[in-house]
Amino acid sequence: MQALLNACAVGKTGGAEVAVVIANVPGAKALDKARAAGVPALLMRHGDYASRDAYDTAMVTELRRHGVELVCLAGFMRLIGPVLLGAYSSRILNIHPALLPAFPGMHAVRQALAAGVRIAGCTVHVVDEGTDTGPIVVQAAVPVLDEDTEETLSARILRQEHRCYPRAVQLFAEGRISIAGRQVRVQGAPGDAARVLASPSLAD
């Protein structure tokens, strides 16, 4: 979330701005960071609502009240239900620390290391009713080093997440994204490396 705030502040998101930050966990640092950036910050505890649909309905109301057009999840550890999915169809993004469709769900970096892959990475994808199953917008590859631990690899992947998420928001803000089924098309000049960012060097 901080990376998105920073990118918006310096004009790297195609004119997109963060309209509101909503958290469901009391004490979430995201709320303090949003307020520090002058962005409205709301705490919406899911336990205060009678059902998931009631919670999502209230969230949709707040998102629309703040003029939100694109929802970006960042550490929001709840499945998105049909109410929110319906209100923002193909306009909810999530970022995941793996090259989807490999290693969805929890502990993706740990899964990658256990599988012995040589290339890991991150993915920005459109949220659907599944867990990390939506259409892929942007990906970045990160080499796995022999001495990597879950912590060291996670840190290098995180640096690429901070590049990928603002890039995906920029593409949406510029109206360059079209989605047909699971295929995401990016409009742009021939050779525009919009969907897959260049693999970072080992120093990254």
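The values are calculated or read from the model by the stated rules, or taken from the named source; none is laboratory data. Note that the coordinates shown come from a computational prediction; the quantities given were computed from them, not determined experimentally. So basically every Cβ, Gly included, is an ideal-geometry build from the backbone, and we count neighbours across all protein chains shown. The area values use the complete protein model at the heavy-atom level, side chains included, leaving out ligands, DNA and RNA. Shrake-Rupley method; radii C 1.70, N 1.55, O 1.52, S 1.80 Å.
Can you give me the convex hull volume of the Cα atoms of the chain, divided per residue and expressed in Å³?
It is 132 Å³ per residue.
Tell me, what is a quarter of the convex hull surface for the C-alpha atoms of segment 1-97, in nm² with one decimal?
So the Cα hull casts an average projection of 6.3 nm².
What do you get for the angle between helix 150-173 and the principal long axis of the chain? Use alpha-carbon atoms, 0 to 90 degrees, nearest ten.
That works out to roughly 60 degrees.
In whole percent, and with a 1.4 Å probe on the protein chains, what portion of the accessible area of the chain is carbon and sulfur?
Carbon plus sulfur share of accessible area: 54 percent.
Residue 72's amide H: which non-local residues (gap 5+, or another chain) put their own amide H closer than 5 Å, with H modeled 1.01 Å from N in plane and none for Pro or chain starts?
Under 5 Å from the amide H of residue 72 lie the amide H atoms of 93, each far enough along the sequence or on another chain.
Kindly report the accessible area of segment 17-119 per residue (heavy atoms of protein chains, probe 1.4 Å, no ligands, DNA or RNA), in Å².
Each residue of segment 17-119 exposes 55 Å² on average to a 1.4 Å probe.
In a Debye calculation with equal point scatterers on the alpha-carbon sites of segment 46-159 and no solvent, what is log10 I(q)/I(0) at q = 0.13 Å⁻¹?
Per q value, in the given order, log10 I(q)/I(0) is -0.56.
Among the trypsin sites (Lys or Arg not before Pro) in segment 69-144, which ones are in a DSSP loop with at most 10 other Cβ atoms within 10 Å of the Cβ? Mind listing them?
118
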